[in-house]
Every structure is written in structure tokens, then in C-alpha cells.
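The values are calculated or read from the model by the stated rules, or taken from the named source; none is laboratory data. For clarity, every value in this text was computed on a predicted model and none was experimentally measured. Glycine also receives a Cβ, built like all others from the backbone with ideal geometry; neighbour counts cover every protein chain displayed. To get the accessible areas, we keep the full protein, side chains included, count just its heavy atoms, and leave off ligands, DNA and RNA. Shrake-Rupley method; radii C 1.70, N 1.55, O 1.52, S 1.80 Å.
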There are 4 protein chains.
Amino acid sequence: VNIKNTHLHKILTSKEELSFLMEAHNGISAKLAEEVGFQALWASGFSISSSMALRDCNESSWREVLDVLELMADAVNIPILLDGDTGYGNFNNFRRLVQKLEQRSISGVCIEDKVFPKLNSFVEQKNRLSQKEEFCGKIKAGKDIQRDPNFCIVARIEALVSGLPMEEALSRAEAYYEAGADAILIHSKKETGEEVLEFAQKCPSHIPLVLVPTKYYKTPTEKFKDAQIAAIIWANHSFRAAYAAIKRTLSNIYQSETLKEVEADIASMEEIFDLLQYKELYEAERKYLPQNT
Amino acid sequence: VNIKNTHLHKILTSKEELSFLMEAHNGISAKLAEEVGFQALWASGFSISSSMALRDCNESSWREVLDVLELMADAVNIPILLDGDTGYGNFNNFRRLVQKLEQRSISGVCIEDKVFPKLNSFVEQKNRLSQKEEFCGKIKAGKDIQRDPNFCIVARIEALVSGLPMEEALSRAEAYYEAGADAILIHSKKETGEEVLEFAQKCPSHIPLVLVPTKYYKTPTEKFKDAQIAAIIWANHSFRAAYAAIKRTLSNIYQSETLKEVEADIASMEEIFDLLQYKELYEAERKYLPQNT
Amino acid sequence: VNIKNTHLHKILTSKEELSFLMEAHNGISAKLAEEVGFQALWASGFSISSSMALRDCNESSWREVLDVLELMADAVNIPILLDGDTGYGNFNNFRRLVQKLEQRSISGVCIEDKVFPKLNSFVEQKNRLSQKEEFCGKIKAGKDIQRDPNFCIVARIEALVSGLPMEEALSRAEAYYEAGADAILIHSKKETGEEVLEFAQKCPSHIPLVLVPTKYYKTPTEKFKDAQIAAIIWANHSFRAAYAAIKRTLSNIYQSETLKEVEADIASMEEIFDLLQYKELYEAERKYLPQNT
Amino acid sequence: VNIKNTHLHKILTSKEELSFLMEAHNGISAKLAEEVGFQALWASGFSISSSMALRDCNESSWREVLDVLELMADAVNIPILLDGDTGYGNFNNFRRLVQKLEQRSISGVCIEDKVFPKLNSFVEQKNRLSQKEEFCGKIKAGKDIQRDPNFCIVARIEALVSGLPMEEALSRAEAYYEAGADAILIHSKKETGEEVLEFAQKCPSHIPLVLVPTKYYKTPTEKFKDAQIAAIIWANHSFRAAYAAIKRTLSNIYQSETLKEVEADIASMEEIFDLLQYKELYEAERKYLPQNT
């Protein structure tokens, strides 16, 4: 039994308490999120592919994503939920993914009911939804292959985003939960939270819900607490913070041809050495290297 | 003949004009540096390993570094100079590295005269310098194996940083240049540029010099122009900007439990879609997918 | 212009002369095929995945396949044609694949008109064929993105294997060739070559054909020469030879608890050192290492 | 506690019973060795690099070796001991290696007392031995970082191969065992077993010994049983069997331009499908895919 998995399972299913997952896209953003106090991480597909300068449509292979995840899991003690797109293929590809995630100490994966390869759901597109039955089979296949009972599989519903009616979304939620999903992520691209709050109200109360308020960020978090949402994902803000800062800092250096103006706004070397425990390395050198080296 | 290599070679060897290389550590920071206007990139070992949450002492394999470089090179049209530590082993490891770098369209590599595995040279340490002869052999091996005549090998001298006298540093510069190095990077951890400026003055004038003013950033850039330095490397400021911004943004989100306060300071999704050319993808879909899909 | 690509293009399109491609699945089998005299290699998806102990249904990521290809291309001077399944997704995944193959000096790719993920076509299955129009779009996308004019895209037709009539196969051959395919691979699981020979007779004579006689290996090669087939692929026999030999040798060692009985049947260390040019390494050591090391 | 590690520990340390480890170099050779009946595997550095068509001097990165190991461990239920060269660097590189091996379910690693990068010890060379104290520090570092108490670290002594006297080899054996090594591998390039048998006789009886009779394969296995050797490694015979068979089969196909003559000597497709459990996949399809797909 993996303690991190148990922790994530609780976060994703407790309707009494609203939890937050913070996006990370590499080892250092994972470590900083843990340092700040977050209890769980969202390994965003969009952020990971964007940091590679690739588009969020499976231009990177799942193996490259796995390599990033491994570095993240090695860096932190808090659980990580992977934004796993469609599971990168059919039920068999998804089974292999689940096995690989458990090997890397990733605590869960969220898959969405679309066909591979995916597109980022905030851009105009003609992505097709997968059949409900096929997606249920995929969820079952994942649950059957996982070794730790608390490894989490979250089913993300793209029905509302794809313009299908509320009833279709609710019907899928029940079917996916029935098939074994530990929680349902209901996705929406409205600028207010009304759509997802309506969904939450109509959805059977035993089904834990997860939200991603990237578009409807103005809706007060209190409303989601009142609606007994289990968890909220801050889905890409670590990457977007880095992006803006790099652009700003580089523009300054490029224009000024000096570091003087940016030095105060950027992290010091010492701060980075501290977080990455360079001190441990010196102590280990004293312990394991001969004195005369 | 690779145009990017020719461009980098000119940047690193022209004493008439001072050029700047901007650090990048992944695809997106490379792309942003190009967007801002920089003409060449420095793929920093410290930044790449730190973004993996690893320490800068070859905790990542050279293969993982190569994978990052590939994404960077795919993202930009400007040349990339790799901060290649010691070449990751002896002359034979370095030969293989040079071959792999050329395959990935990386335009040059900087190696330093230390033994593998290295430590970050700003932290207290007992790193040993490599023998001058052995390092010359390594440079020669790299030059002999490179296919494009303008692929660049920069020799970084750690003598001053290691407490050796100026004469040793100068003697190594001449030997390394003689062995085939295209330029010499003289490293210093002094807080002013005096040490490297003294080196520049005493070094034979036909040897192109490259500086890294991380520590002595307060020294005006004009002084380096006057000293006919060929290029300056802004060595880790993209990463340090990202680090500080992530920390600041995540702290705010963690405390406030909302995105409202950070939204104005982070990049918009649209801005990222633009840089990564999502538009090209929609056009390609119209061109290559059947209309009825 | 890449000479290896030009060579492969000639091999795949010359109807006057029948050429042969030998399967390889790792660096050493590639090198041995070149040593024996073969002019081109077939990087078999089945053999590569089987050597990983994975099933031939995209259980490995395309990135892992690419890593194997890189080692193969580094080892030989003859061109390599990748058995690229479906292109590992849609037209966009295929575009990226083509770019990566060219970077690794792979000279061509064969894609088949099925949907991702694939199954090995000799096992009973219900793999769906892709739409003809979609597959033409995929071919076009690949041709548009390739940089070297002689990089080869071969279209493999699974119609006969899937039980569709000869007319469907012929119609697809013309469409795929029209869309830009350099050659057509017509696949059959019959135990005689009659089916493919009928196809060859009915197919417009300007379309170059490639065959894989794994099942109908008893049909004399002369018949394929007479039918003006451009190339034959010996598709998995290197792997199957290795498999049988390993099994036989290991059984003997396990039973006998000694190496004495197998020593005569296996390669000597010296033979392997020769093929892999260990001698070059000693010479390089003398050249690049100081004498006193 | 990992059962496979416990099993390997027993194999490597039981002086009452002589055990055998069979070399494997990829997923399929691992699976075949298990099928034949072997209880443990030796992941040979020479065989793995040779199958990549690289020389056995760390031309591949440790990450590429790790990827091969992962496929091997996924394929079998028996423990794997890695031939880990020098640990790929200093004590810190070795610590990271041990962590990665445990993550991949590799049960142990054998390191040798040379400096990185290594050369294959059967070829003439001037490899330097590492200092005894430094190597002890490396062993300690590995033991301190391993999580499972039965993960095995074997210390390989290169003193005899390097022309140093028996006393030096014995002194190192005691020091390495003292430092925490679970067993000692004493290496010899003599054509008879006398040298290692002399070592076994003089070595303190509480130290478990492992032998690699590649050169002295004519010495009867009984002699090693009598000498209370714990384990024998058949170090590269799977690879050498594959190499010879590929060469022979390809020569035949190249000359004969037909498959007819080799078909009887190579594995059938069905045999491979069976070992890799294609049947499980069809059953899973019936279970997880909708009937109408």
C-alpha cells in the first residue's frame, strides 16, 4: 500500500473538505509547489507539452511525459495526478500507462472521453468524443490492472465542452463512476461556474467531483465549497507564471544588455542550492570520499 | 554546411562585436529567447539539471540532457551552444557527444577542464582540474570527429575558479586554442570583472574570449566591449526568473485559494497558443483531414 | 540531399531489378545484415517490439522505437526503411514522425491503412481499416513535411488481409500512389503468392510494388522477378533466428551446467570486437590520451 | 520487502548450493532464460552495449541501459543482477543508480573497482584500478541509500585481471565485504580456473564468491561446487548465440535469395505469440471493447 496514493484518494473523494491540486510541469515546479504547502500536484498535459515547445495534441510521446513525471515524483513527497489525455490510445495502451505510472510512484491518472490524438479543449476544434461504452471499458481495464487499491483513476467528461446537453454529461458521469472511476472531472469552458454548479447539483451525491476553474476563475471558491466539490485543480498557472516571467526578464536583458536591472527579481543561486539540497552532497562527499582525494 | 553553426562560430570568434548568448533550459525558454531577439542560446547545465530538480553534478545522464536539447533545437532557428560540463567522461565519451549534438542540430559545445563527474563551480568544493594534456587530447578528439567545419568547441578554463595563478590560466588558454578550441571561456567567481579583464589583457589577441558575468554582473558591459570580448553568456537568468515567478504565484494561490489575484501577472492561454502556432494545426487539419471526420 | 535516401528510393521503385530488404531490430542485427551484403534494412515493428518482450500493438511508444532506430542508423551505412505501423496516430503524429526519422538518418517509412493502435496482421483480429481519404491525407502530410526529396513513404495496403476484395485493394493502391506514396506494399496472409501476383498483374504498371513473403515463402523468388516487383522484404527472420538460437543455447547450458557444449556454436568475443571496431578505440587512446596516463 | 531481491540475495550468498545466473540483454532474451528454467539473470554490460552496436566502454548512457533493464524486469518474475561497470561515475552517480534500479525492480548491481569510463576487461588496455578506499566509499554509499534490505551489491575485483598480485585481490575482497558488499565477484582472464580457485581457497570462508567462467569455461563445474562458490554467471552466451545465428541465417538468405532453407531453423511466429501472450490480448479485447467496434 502506497501512502501517497491513499492521500490522493482521500483528496479526490472527500466531499466534506475542498482540496486543491497545483499544476507542475517539471521537477522544480513540483518541488516549489510542495515547498509552498500544496498537498497534491496536477501534472498538466498542456503545461508539460508547452514547456517542450510542443502543442497539446500528443506531439510528445507518452514515454517523454513519463520521463518528466519520474523527475517530478523523485522530487516530492506529495501525490501526483497525471492529466493523461485519452490514456494515449485504447484500453491496452491505458493498461500499460497505469502500470508505468505505478512504477514511477505516480498516484493517479485522469483520462478524458475523447479519441487519440487529442487537442487542447480550449481551442476551437472538431474533436470527437469516444463512445460511452468504450470509455467505460477503458476505465475498467485500468482499474483491473492497478496493483495498489488506492491508485486513482479520474474520468474527465468532455460532453459540455463539446456542446452536448447536460443530460449526456450526467449520464456519462454515472456510467464512468459505475465502471470504477474514483472521481469525475466535469469540464467546462464557460466564463462562469454556473454550468459546473448545475452539473454538481444534478449529479448523484455519492459521486465525487473535481473542477478546473481555468476559464471561470472569477467564481468565488466558496461556491464550490458549498457545492461539496471534492477538489479543485489550478491547472496551468505554474507554467503560465514561468512563461510570463521569462519573457519579461529576457526582454529586459535583451534591451539593457546587462543583468543589473533583473537581478533583484530573480531567484538567487543560494536559494536554489538550498531547495535542491546541495548541502547534503557536501556532507556525503565527506562521508564517502577518501580524505586525500 | 549548417548555417546555424556558421552563425554561432561568428558570434564566438568576432572580437569586433560583442555578442550575447541567452540561457535556455527547455523548449519554451528557447523559443521565448528567440522571440525576444537573442541571436544564440546557452543550454545551461545548471539550469537544465535544476529544472529536473537535480543537482548540477551529472545526476542526470547525458542522454536526458540530449533529449532536452533536441526539443530546444526543434523549437528555434537560432544556434545553441551546450554547456557540456566535462564532455561527460573521457575523449571517447566526448566524441560520441559531439556526434549526437551534430545530429540534433546543436551548433557547439563548451567543455571545462575538470574531471567527471563535475560540481557546480560556484559552490565550495574540491573538484580536481584535469591535466592540461588530457584536456587538449579531448579537444582534438572532438574537432577530429565533427562533420561540419563550423561546429564550435569552446574550452572553459577553471584554473582561476580553482585558485590557480593567472599564469596557469593563460598557459591553458594557449594550449587549448592550439589544440583546436574555437574560443576560450575564462571563468571567475570574483564579484568584479577585474580578474577576467586582466586575463583578457594578457591573453594573446588572436584568441577569442567568452565571459559569464553571473557573479560580476555589476561590471558595466562597456568594459567587456572595450576589452574586445567576443561574447557574453547570460548563463542562468531564464531559469532563475521562472523559479522566482513560480514561487511567488504559487504562494499567492495557496494563500488566497483563488486565481483572481494572479491572473493579470501570468501569460494568457492565447499568447501561448500563438507562440506555439496552434493556428498552423487547424489549417493542417483542414488540409489533411477528410471533411466528414 | 542524403545519399542513403536516394539509394533506398531507387531500391523501392526500380521495376527492372528485384531488391531485397533485410529485417533488423537493433544495432547489431543491422550491422550484421550490412556485413553480410544486404543493401537496405527493414526496421520491423514486430521484431523491435518482440525484442522488447512487448506485443506488436503499440505497447512501446514511438519514442522507444526511435531510440532503437537511432542506434541502427548509427551502426550502418545502408538505408533503413521503418515499418511505421499507422504512423502512430493521425496525420500530425505522422508529420512529427517523418521529421524525427529524417533527423536520425532513417531513409523512409512504411505506413499501413489501419487505425491506431494496431495489431499484428497475422493474428486473428478485428482491426478496422482507415478511411481511404484519411490515409491519403496522411501520406500527403508526410510528403509535404519531408525535407529530403528522396525520403521514402511506402503505403501498405491491408485490404486483402482484412478480407476486402481485390478491387478495393487496387483502388487504394492508385489513390495512395496518387497521394504521393513512393511505392505500394501489398500485404497478404495467403500461403501462396498467387494473391499478390494477381494484384501485381492488375495494378497499373507505373506503380512500384513491394512484397513481404513471410507467409508465402515457398513461392519461388523468380516469380516475383518476372512480375517486376521492385523489392522484397525479409520481414522478421533476423529476430526469429536469434530467438531460436537463444532458446536452444540456453536450454543446453541450463541442462548441462557448463559452457563446453555450446562454445563452438556461438560467436567468439574476438569476432564481436572486430565487427564493433574495438581496434579503432585503442588507436584513438594512443592518439588522444597522454602517454603517462 | 521485495521477494525477488530476497531470492537473489540467497542465490548470491549461499555457499552450500551453487546457483547460476544467465545473461540477458533485452526483454526477449530475459523471457527465454526464465522459460528455460533459470532462476536469475545477469544483465551484461557487454551484451547490452554490443546489441546496440556500441563498444563496452560506456558509449551508451546509463539511462539507455536503464531503459533496457526496465523492459527486462517487466518481462520476467525472476531477479536481475545488473553488470553495472563502475557505477557510472563516483559514489553519487552510484547512489542515483541504486535508486533507479530499485524503482525498476532490478534486484542488485555488480560494480567493479575501476575508474569511469571503463573498457571491456578482456581486451588489452591500460585501465586504472580505483583506489581501494574510494571503492569502499562507493559500496557504502550504495548500501546506505538502498531501501530494500535485500537489494544486492556485488563488488567485482579487477586486481588479477590488471596484473596485480593475489594478495592485493584478497585484501580488496575483505575490504569490500567489510564495506557492505553482499558478495565478491573475482574476475580472471586465465584459460583455466586455477587462479580463481586459489583465490577461493585463500579468501575468508564467510565471504560469498561469484565467478564468471567465460575464459576458463573448460574447467568442470564440479570444481566450483567443491570450492563452495555461491554462484556462477554465464556472462554473454545468450548474445553470442543470437549473433552467430543471425549471421548464419542472413548469409543463407543473402546467398539463396529465398527463405526456404532457413525456415526450419528459426522460431515460428506462433511460438513467439505464445511466449508473449497474444492470447491474453484477444481475451482483453473481448472484455474491454464494445461488441460493435
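Observations
- Ordered from largest to smallest accessible area (heavy atoms of protein chains, 1.4 Å probe), the residues A:206, B:237, B:7 come out as A:206, B:7, B:237.
- Using a 7 Å Cα-to-Cβ projection, residue B:171 label spacings across copies, nm, ascending: 3.4, 8.2, 8.4
- Database remark: amide H of residue C:43 closer than 5 angstrom to the amide H of C:24, C:81, C:82, C:83 (H placed geometrically; neighbours at sequence offset of 5 or more, or on other chains; Pro and chain starts carry no H).
- Alpha-carbon centroids, the stretch B:203-246 and the stretch B:258-275: separation in whole Å: 31 Å
- Dimensions in Å of the stretch B:71-203 - Rg and Dmax from alpha carbons: 14.7, 42
- Report summary: the helix-based calculation at 222 nm, which adds -39500 (n - 2.57) for every DSSP H run with n ≥ 4 and divides by the residues of chain B, gives -14000 deg cm²/dmol.
- Extending 7 Å from Cα along the Cβ direction at residue D:202 and again at residue C:77 yields two label points whose distance is 5.0 nm.
- Accessible surface of the protein assembly as shown, 1.4 Å probe, proportion on carbon and sulfur as whole %: 45 percent
- The stretch C:273-284 - phi-based ³J(HN,Hα) in whole Hz, Karplus 6.51/-1.76/1.60, Gly and Pro as x: 4, 5, 4, 8, 6, 4, 4, 4, 5, 5, 5, 5
- Per the rotation superposing chains C and B, the chain C residue found at the smallest beta carbon distance from the axis is C:103, 3, distance in Å.
- Less than 5 angstrom separates the built amide H of residue A:21 from those of A:232, A:233, A:234, all sequence-distant by 5 or more or on a different chain.
- Accessible area (Å², 1.4 Å probe, nearest 10) - residue A:13: 40 Å²
- ³J(HN,Hα), Karplus 6.51/-1.76/1.60, whole Hz, each residue of the stretch B:136-153, x for Gly, Pro: 4, x, 5, 4, 4, 4, x, 5, 5, 8, 5, 8, 8, x, 9, 4, 9, 10
- Most mobile of A:268, A:105, A:60 in a GNM of chain A (Cα contacts under 10 Å): A:268
- Estimated distance in nm for a label pair at residue C:17 and residue A:254, the labels positioned 7 Å out from Cα along Cα-to-Cβ: 5.3 nm
- Across chain D, the relative contact order, built from alpha-carbon pairs under 8 Å that are at least six residues apart, equals 20 percent.
- Using a Förster distance of 25 Å, the FRET efficiency for residue C:3-residue B:144 (Cβ separation, nearest 0.05): 0.65
- 5 angstrom amide H check on residue B:87, placed H, neighbours 5+ away: B:112
- With one equal scatterer per alpha carbon and no solvent term, the Debye-computed log10 I(q)/I(0) for the protein assembly as shown at 0.05 1/Å reads -0.34.
- By the rule of a C-alpha distance below 16 Å, with chain neighbours fewer than 8 residues away ignored, the aspartates and glutamates paired with residue A:10 are A:148, A:182.
- In nanometres and ascending order, the distances from the residue C:189 label point to those of the other copies are 4.1, 5.2, 6.6 (point 7 Å from Cα along Cα→Cβ).
- Nearest-first distances (nm) between copies at residue A:228, label 7 Å from Cα via Cβ: 6.9, 7.6, 7.9
- Of C:190/C:247; D:189/D:223; B:140/C:31; C:247/D:118; D:202/D:225; A:202/A:223, pairs whose Cα-Cα distance is over 21 Å: C:190/C:247; B:140/C:31; C:247/D:118
- Solvent-accessible surface (1.4 angstrom probe) belonging to residue A:272, in square angstrom, nearest 10: 0 Å²
- Couplings 3J(HN,Hα) of the stretch A:222-237, computed from phi: 3, 4, 6, 5, 4, 7, 6, 5, 6, 8, 10, 10, 8, 7, 7, 7 Hz, in residue order, whole Hz [Karplus 6.51 cos²θ - 1.76 cosθ + 1.60, θ = phi - 60°; x for Gly and Pro].
- Cleavage-rule hits (GluC sites (Glu not before Pro)) in the stretch C:144-216: DSSP loop, at most 16 neighbouring Cβ within 10 angstrom: C:191
- Using only side-chain charges placed at the Cβ, +1 for Lys and Arg and -1 for Asp and Glu, the dipole size of the protein assembly as shown relative to its Cα centre rounds to 0 debye.
- The stretch B:135-160 and the stretch A:40-102: distance between their alpha carbon centers, rounded to Å: 37 Å
- Compactness check for chain C: Cα Rg over 2.2 N^0.38 Å is 1.08.
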